[in-house]
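What follows is a short report on a single structure.
The values are calculated or read from the model by the stated rules, or taken from the named source; none is laboratory data. Note that this is a predicted model, so its numbers are computed, not measured. Here the Cβ positions follow ideal geometry from the backbone for every residue, glycine too, while neighbour counts run over all protein chains shown.
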Ligand code: AOF
Ligand code: ZN
């Protein structure tokens, strides 16, 4: 199951709005462990992109005849519905799988019921293996289903000493071009980008996905290596259909480069308590849809600010499932105080400034015991910069 979870993460930027799922097929022959058939691995697969074959189908294709009498280990309960692809329960039964080991039951009412169907066909099913780890890996999809609000990723860029701008306010190009390209891939995976009105006033960002032709080609090559020529960015085929996880109801499609894939532009949301965003702001251009969310419209907290819990409910109601919170420090602090951050992606540049604003303002922490502790899920170099992906610990317990 640990291997299946690892496989599931390969789809992180391309499966939204569908789940990240991994599957390992063990053959019937070979050493038999305490839990039953645990032969050698004969097939591995993961869900590569929304609308494409599910993880089980990819793993079964690799296993071929060797799946007969074997065990399927899968991070999410096999689906029992015909959506954009056929039911995985039938694929497993047809392949002669004898036993299915599942981490997390499928909470999507459209697709659920797989375990019962498999059992009715004489397949041995075990549920709940490494369920917490698998749920963490698929939190981006499970959180909206369970809480009826979008999953929220807070992204920031800072120097090694945690500053997101210099003392004079200049903040352009803290990180290198590779990290900036990575942010555009992340934007292409989400359906909503949120910023504060202060950031719009200070930086006038456009907040659109702009993958240049080279990035799109790289991404396509990465997927082509798995025998699939689809681009590794979320394209128009990837949204607006499918189960309860489907989102992007308001997405706008634009071609990012001649001959390149049409990327779905996320909804741009400006959190603007007083409604001060200028009409000339770039975020209001026609490249993507924009919502300037005011306190009057959404509802206000006691201090007159936009009520962020209500903002997320409103976004969920309009079909949004995956939010990238891009700043600035004040809005990010308010999201932390409201307990609404599900994941952190931090780009840390090997530079120090010694003065200038921090990446995060007041997050409601006044003493070291109250520090918001995170579990690190992934660390890697993106060009010269460090990218850290982490999950708040309290959130996991909740
Ligand atoms: C996936 N990938 O590997 C598994 C899924 O959009 P559809 O029609 O392909 O169906 C999506 C539903 O199928 C999804 O919401 C989930 O409940 C179930 N399982 N989905 O996209 C997979 N195993
Ligand atoms: Zn399926």
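Could you say which residue among 181, 188, 216 is outside any loop (DSSP other than H, G, I, E, B), under 26 Å from residue 151 (Cα atoms) and modelled with pLDDT under 90?
Step by step, each of 181, 188, 216 is checked, and only 216 is outside any loop (DSSP other than H, G, I, E, B), under 26 Å from residue 151 (Cα atoms) and modelled with pLDDT under 90.
In the set (1) without any contact (Cβ under 8 Å) to a residue 24 or more places away in the chain; (2) more than 16 Å from ligand 1 (Cβ to nearest atom), the condition left unmet by residue 200 is number (1). Only one of the listed residues (328, 339, 333) is closer than 25 Å to residue 173 by Cβ, under 23 Å from the mean Cα position of the chain (by Cα) and in contact (Cβ under 8 Å) with a residue 40 or more places away in the chain. That residue is 328.
Restricting attention to region 321-337, does a residue exist that is assigned to a loop (DSSP other than H, G, I, E, B) and farther than 19 Å from residue 140 by Cα? Steps first, please.
So the first thing to find is which residues in region 321-337 are assigned to a loop (DSSP other than H, G, I, E, B), and the list is 321, 326-328.
Within this subset, residues satisfying the condition of being farther than 19 Å from residue 140 by Cα are 327-328.
Looking through region 321-337, at least one residue is assigned to a loop (DSSP other than H, G, I, E, B) and farther than 19 Å from residue 140 by Cα.
Residues that are crowded, with 17+ Cβ neighbours inside 10 Å and at positive phi were ranked within region 77-132; the one that is farthest from ligand 2 (Cβ to nearest atom) is 130. With respect to residue 264, is the statement that it is within 16 Å of ligand 1 (Cβ to nearest atom), under 30 Å from residue 79 (Cβ atoms) and modelled with pLDDT under 50 true? For residue 264, the condition - within 16 Å of ligand 1 (Cβ to nearest atom), under 30 Å from residue 79 (Cβ atoms) and modelled with pLDDT under 50 - is not met.
Residue check: is residue 168 modelled with pLDDT under 95, surrounded by fewer than 16 Cβ atoms within 10 Å (Cβ to Cβ) and closer than 22 Å to residue 264 by Cα? It is false that residue 168 is modelled with pLDDT under 95, surrounded by fewer than 16 Cβ atoms within 10 Å (Cβ to Cβ) and closer than 22 Å to residue 264 by Cα. Of the residues that make up region 293-308, is at least one surrounded by 19 or more Cβ atoms within 10 Å (Cβ to Cβ) and in contact (Cβ under 8 Å) with a residue 40 or more places away in the chain? The answer is no; no qualifying residue exists. Scanning region 40-71 for residues that are at positive phi and touching a residue at least 40 places away in the same chain (Cβ under 8 Å) yields 51, 69. Scoring residue 80 on the criteria (1) in contact with a helix residue (DSSP H, G or I) (Cβ under 9 Å, 6 or more places away or on another chain); (2) more than 10 Å from ligand 1 (Cβ to nearest atom) leaves a single failure, condition (2). Residues in region 356-370 that are within 14 Å of residue 174 (Cβ to Cβ), assigned to a loop (DSSP other than H, G, I, E, B) and over 25 Å from the mean Cα position of the chain (by Cα): 356, 357. No other residue among 277, 309 is outside any strand (DSSP E or B), under 17 Å from residue 324 (Cα atoms) and modelled with pLDDT of 95 or more apart from 309.
Among the residues of region 45-73, those identified as away from ligand 1 (no atom under 12 Å from the Cβ), within 20 Å of residue 114 (Cα to Cα) and crowded, with 19+ Cβ neighbours inside 10 Å are 67, 70, 71, 73.
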